[in-house]
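Q: What follows is a structure written as structure tokens; I'll ask about it next.
What follows is calculated from the coordinates using simple rules that are stated; it is not laboratory data. Since this is a predicted model, take the numbers as computed values, not measurements. Here the Cβ positions follow ideal geometry from the backbone for every residue, glycine too, while neighbour counts run over all protein chains shown.
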Amino acid sequence: MGRILAIDYGTKRTGIAVTDEMQIIASGLTTVNTNELLPFLKNYISTENVEKFVVGEPKQMDNTVSESEVFIQKFLEKLNKEIPSIPVERVDERFTSKMAFQTMIDSGLKKKQRQNKALVDEISATLILQSYLASQS
């Protein structure tokens, strides 16, 4: 089995999380500048066995797509051209940023640490990946 890599795509920063090779545990990996995302992914898959990408799908409360979906679709087209061998699945990412922030509070992070948007993005990617894993079992 290979790892599953989750992407919480943002126009400035993108949070990334991965599973272990047994696809049991989701862990935050990093946050990268979005303009460096494709080179980062190519480098990562050159050293790690990645079986699937899971990309967050932002939706409004009424289930319509979010405005940021336009940017995600453009990224997905590039991803499919650059790395066509790895399939992509989408996961509803509503509330992941709020849940990430609450996770930071619950884990006792100080206010200054909670203002770290890169950490919020990484935790959001982890929550997207945990949601995906839960839906598969």
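Q: How much length is gained if the chain between Asn49 and Asn33 is pulled fully straight, taking 0.36 nm per residue apart and subtracting their Cα-Cα distance, in nm to one decimal?
A: Result: 3.5 nm gained on full extension.
Q: Among the listed pairs Lys52/Lys117; Lys42/Lys78; Lys42/Lys117, which are separated by more than 20 Å between their Cα atoms?
A: Lys52/Lys117; Lys42/Lys117
Q: Still on this model: How large is the convex hull of the C-alpha atoms of segment 3-136 per residue, in Å³?
A: Hull volume normalised by residue count: 112 Å³.
Q: Work out, step by step, the length gained on full extension between Lys74 and Glu89: first 0.36 nm times the residue separation, then minus their alpha carbon distance; give nm to one decimal.
A: Taking Lys74 through Glu89 to full extension adds about 3.9 nm, to one decimal.
Q: So, in nm, how far is label Asp20 from label Phe40 when the simple model puts each one 7 Å beyond its Cα toward the Cβ?
A: Inter-label distance under the simple model: 2.4 nm.
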